[in-house]
Every structure is written in C-alpha cells, then in structure tokens.
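K.L.:
Starting off with a structure, shown below.
The values are calculated or read from the model by the stated rules, or taken from the named source; none is laboratory data. These numbers come from a predicted model, not from an experiment. Positions of Cβ are generated from backbone atoms using ideal geometry, with glycine treated the same way; all protein chains shown enter the neighbour counts. With ligands, DNA and RNA removed, areas are computed over all heavy atoms of the protein, side chains included. Shrake-Rupley method; radii C 1.70, N 1.55, O 1.52, S 1.80 Å.
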Amino acid sequence: MKLSQLLSPPPFTARHYKRTFVASPDDEASRPSRSLIEVTLESVRRTLDVDISDICDRMPPVEWSPNLWPGEHYQLLAGLVACLQPKTVIEIGTETGLSALCLRKYLPAEGRVVTFDLIPWEKINGTCLASDDFEDGRLTQELADLGDPAVFKKYTSLLSEADFIFADGPKDGRFEPAFAAHLDTITFKKAPYVLFDDIRDRNMLRFWRELEKPKLDISSFGHWTGTGLVQWAP
C-alpha cells in the first residue's frame, strides 16, 4: 500500500477517527478460552441492565456521550463488575474518575477499587470525583508508576489480591508491555481478568497481538478505539 493511501482520509464522515490495522487471527499469539468467552457473554448481558446515568451526569459538557454503549466502555465496566463481583479492582489511570466511579457502583459490599495515577485526582481539570467518594474506603487513589519495577514491587501484595484490573495507561509503547511483564511476576490468589483499553490504537497493536494469554477483542461491546479482555492465567 502506498503512503498516500495510508494517509488519505477515510471514505466516510466521522466526528473523530484513527488509523489502525487489521490482521489475521490464525497466526496470533493466543486464542480466547471457553471460560473467557462465557464471562464476556454474561458480562455483556449484565451490561444491558446497568445504569450509569448518575455518574455520567457528573461530566462537564463534551462532544461525545460517555453513556453511549456500545461505543464507549463505561457501561461495560459496570457490567463486568456486576458479573464478576470482584472484591479487589485495580484501575490504571484515574484521570477524571469516570471509570473509577463506574467500577465502584456495582461492587459487592466488601469490594474496593484502588485507582493508580501520577496526578492527584483533585488536580485534574474536569474531574468527576469529590472528596466524599473516598470516605467509605471503597475507592482509594495511589500515586505511583506501576511501569517502574521498583515501584511495582511495593504493590505486589495488593495486586496479588486483584480479581479485576482495568488498564487504561498511557499507550506509549512502553508502559503496557512493562506492566504485563510485571504482572507475570505475581502469584495471584486467583487468576484475574484484565481489561486493556484502546487495543486498536497504533501504539497498542503489537502489544495486544503478541500478548500470550487467553484474550478476546470485545471492541464491539466496548470502546470504539478497542477493548480487550484477558484471562491472566499463568
């Protein structure tokens, strides 16, 4: 394909688009397990019935709709939690807190969300979070770079308890491979499910394709830029 063809605009009109690639699945690093497919199907069914409108109402006006589903992943996050009923959820990338709130809403009574970022939530413009969201201890924020092996080591005990991990990191071609490699050093109490955002982003294509875990591209039920669910089996 010529460079001019790669750089040409798409043959349709869209508010926002990104260039990506599609590739043959038969020679990919791994395939989904039956149990992963079953969890996905049940989570999608649960997603049909969750309601995150109260959380989306916290968002300042934006061009896109955070409660669009499929298309955005926020409702799916709530559906996955409603299905899995995880006691410990780890989020990578707090930003405005919209995802953290969706993850928290359908937690079991003893559940908690620990969200990681490099910037305190109160310093993010347009944050959806408020101080009282943290009062009951079911939501906490840690300021740490889990791509750094020394920093990651400090949180191995917490991470070993994770039932569900939502990785919405920088997609810089470095963090996600490093984080995945660090996860492989942990002896989990139970193999967690890990959801990666933006797997169809150019910087995520190689990482996702080469990830050797039971995995499933569920973008049609998640984020238009790509949503990938992984069963983090040894």
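K.L.:
Which residue pairs have Cβ atoms closer than 6 Å, lie 6 or more positions apart in sequence or on different chains, and pair a first residue in the stretch 197-217 that is free of Cβ contacts under 8 Å to residues at least 24 places away in the same chain and under 15 Å from LYS171 (Cα atoms) with a second residue that is open to solvent by less than 30 Å² (accessible area, probe 1.4 Å) and of a type outside the set (S, T, N, Q)?
P.N.:
Here the result reads TRP208/ILE199; TRP208/GLY228, each pair linking the stretch 197-217 to a residue that is open to solvent by less than 30 Å² (accessible area, probe 1.4 Å) and of a type outside the set (S, T, N, Q).
K.L.:
Is it the case that THR47 is open to solvent by less than 10 Å² (accessible area, probe 1.4 Å) and farther than 30 Å from VAL151 by Cα?
P.N.:
yes
K.L.:
Right, here's the next one. Please determine, by comparing only the residues of the stretch 23-39 that are without any contact (Cβ under 8 Å) to a residue 24 or more places away in the chain and more than 21 Å from ARG202 (Cα to Cα), which one is farthest from the chain's Cα centre (by Cα).
P.N.:
Taking the candidates together, the pick is ARG34.
K.L.:
Okay, moving on. Which pairs turn up if I take residues in the stretch 162-179 that are touching a residue at least 60 places away in the same chain (Cβ under 8 Å) and look for partners that are open to solvent by 30 Å² or more (accessible area, probe 1.4 Å) and in a loop (DSSP other than H, G, I, E, B) with beta carbon separation below 6 Å, at least 6 apart in sequence or on another chain?
P.N.:
ASP163/LYS87
K.L.:
Here's a check for you: in the stretch 67-83, which residue that is open to solvent by 10 Å² or more (accessible area, probe 1.4 Å) and within 22 Å of GLN141 (Cα to Cα) is farthest from the chain's Cα centre (by Cα)?
P.N.:
GLN75
K.L.:
Which of the residues that make up the stretch 4-22 are open to solvent by 70 Å² or more (accessible area, probe 1.4 Å) and touching a residue at least 24 places away in the same chain (Cβ under 8 Å)?
P.N.:
Scanning the stretch 4-22 gives ARG15, HIS16, LYS18, ARG19, PHE21.
K.L.:
Let me confirm something: among THR187, THR225, which residue is open to solvent by 40 Å² or more (accessible area, probe 1.4 Å) and hydroxyl-bearing (Ser, Thr, Tyr)?
P.N.:
Only one candidate passes the filter, namely THR187.
K.L.:
Something else: Name the one entry in GLY126, GLY111, GLY97 that is at pLDDT below 95 and either open to solvent by 50 Å² or more (accessible area, probe 1.4 Å) or out of contact with any strand residue (DSSP E or B) (no Cβ under 6 Å at 6 or more places or on another chain) (or both).
P.N.:
After applying the criteria, what remains is GLY126.
K.L.:
From the list ILE37, ILE92, which residue is open to solvent by 30 Å² or more (accessible area, probe 1.4 Å), within 30 Å of SER160 (Cβ to Cβ) and among the hydrophobic types (A, V, I, L, M, F, W, C)?
P.N.:
Going through ILE37, ILE92 in turn, the sole match is ILE37.
K.L.:
If PHE152 satisfies every condition in (1) out of contact with any His (no Cβ under 7 Å at 6 or more places or on another chain); (2) open to solvent by less than 30 Å² (accessible area, probe 1.4 Å); (3) without any contact (Cβ under 8 Å) to a residue 40 or more places away in the chain; (4) hydrophobic (A, V, I, L, M, F, W, C) but one, which is the exception?
P.N.:
(1)
K.L.:
Considering (1) β-branched (Val, Ile, Thr); (2) surrounded by 18 or more Cβ atoms within 10 Å (Cβ to Cβ); (3) over 22 Å from GLY79 (Cα atoms), say which one ILE119 fails and leave the rest.
P.N.:
(2)
K.L.:
When you look at VAL50, is it closer than 29 Å to TRP232 by Cβ, without any contact (Cβ under 8 Å) to a residue 12 or more places away in the chain and among the β-branched types (Val, Ile, Thr), yes or no?
P.N.:
Criteria not met by VAL50.
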